[in-house]
1. With respect to the numbered conditions (1) out of contact with any Lys or Arg (no Cβ under 8 Å at 6 or more places or on another chain); (2) of a type outside the set (Lys, Arg); (3) within 27 Å of Trp167 (Cβ to Cβ), which one is the sole condition not fulfilled by Gly82?
2. Among the residues of segment 123-149, write down those that are out of contact with any Lys or Arg (no Cβ under 7 Å at 6 or more places or on another chain), farther than 24 Å from Val104 by Cβ and in a loop (DSSP other than H, G, I, E, B).
3. I need every pair where a residue in segment 150-171 that is within 13 Å of Leu105 (Cα to Cα) has its Cβ under 9 Å from the Cβ of a residue that is in a helix (DSSP H, G or I) and basic (Lys, Arg), sequence separation at least 6 or different chains.
4. Which ones in segment 71-102 are surrounded by fewer than 19 Cβ atoms within 10 Å (Cβ to Cβ) and within 12 Å of the chain's Cα centre (by Cα)?
5. Here is a list of conditions, (1) crowded, with 18+ Cβ neighbours inside 10 Å; (2) under 21 Å from Ala101 (Cα atoms), and Leu23 meets all of them except one; can you say which number that is?
Amino acid sequence: MTQVAAPATVRWRLGGGTRKSVLVLHIASAGAWLGVDVVMGVLIFTALLSDDPATRALSYRALELVAVGPLLACGLVSLLTGVVLGLGSRWGLVRYWWVAAKLVLNLVLTGLVLVALAPEVTAHADQARQFEAGLPALLEVGQLIFPPIVSPTALLVALVLAVFKPWGRVRQGR
C-alpha cells in the first residue's frame, strides 16, 4: 500500500536584505505619519488658541495642503509594507495578536482619514475661503480637535506592540 504524502505548504519568505529594506520603509512611513500628525496638531491647536480669525483661516487652508494626502500616503505605505512583512516573515498577518492589532489599527486610522478627516478638513478650508472672501464664516475647530490626539496615540500603541510583542499566538482550530 502506498501512502500519498500531504502536499507541503510552500511559505514565501523575504530574504534578509529585502526584509530589512521593507522594514526600514515601514518604520519610515510610520515615522512620517507621526510627523504629519504633529504638523496637523500644530495647525489645529494654532487655530484653536488664536483669537485672530485670519490666523484661523490660514491654519485651515494650510491643513488642507498638509493633512489628508500625506496622511493617506503614509497610511497606505505603512499598510502595504506591513502586509509584505507579515506575509514574508514568521510573524504572519494574523498569526500573532500583536500583528493583528497593528493591522486593525492601520486599517482603522487609514479609513478614518478618508471618511472622517477629509470631509472635515474640506469643510474647514471652505469656511476659510468664505472668510477670505469677506463672507461670514464660523472658523471653529469643532471635530478637528480629535485627529491630532487619536492618531498619534494609536500610532504609539502600534509602536509599543511592535517592540514588546504581547499576547502570543492566535489560537487556530484543528
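1. Result: Gly82 fails condition (1) only.
2. Residues satisfying the conditions are Ala133, Gly134, Leu135, Pro136, Ala137, Leu138, Glu140, Val141.
3. Val157/Lys102; Ala158/Lys102; Leu161/Lys102; Ala162/Lys102
4. Leu72, Ala73, Leu76, Val77, Leu79, Leu80
5. Status for Leu23: all satisfied but (1).
Every number here is computed from the coordinates shown, using simple stated rules; none is lab data. Everything quoted here is computed from the prediction, not taken from an experiment. Methodologically, a virtual Cβ is constructed for each residue, glycine included, from the backbone with ideal geometry; neighbour enumeration extends over all protein chains shown.
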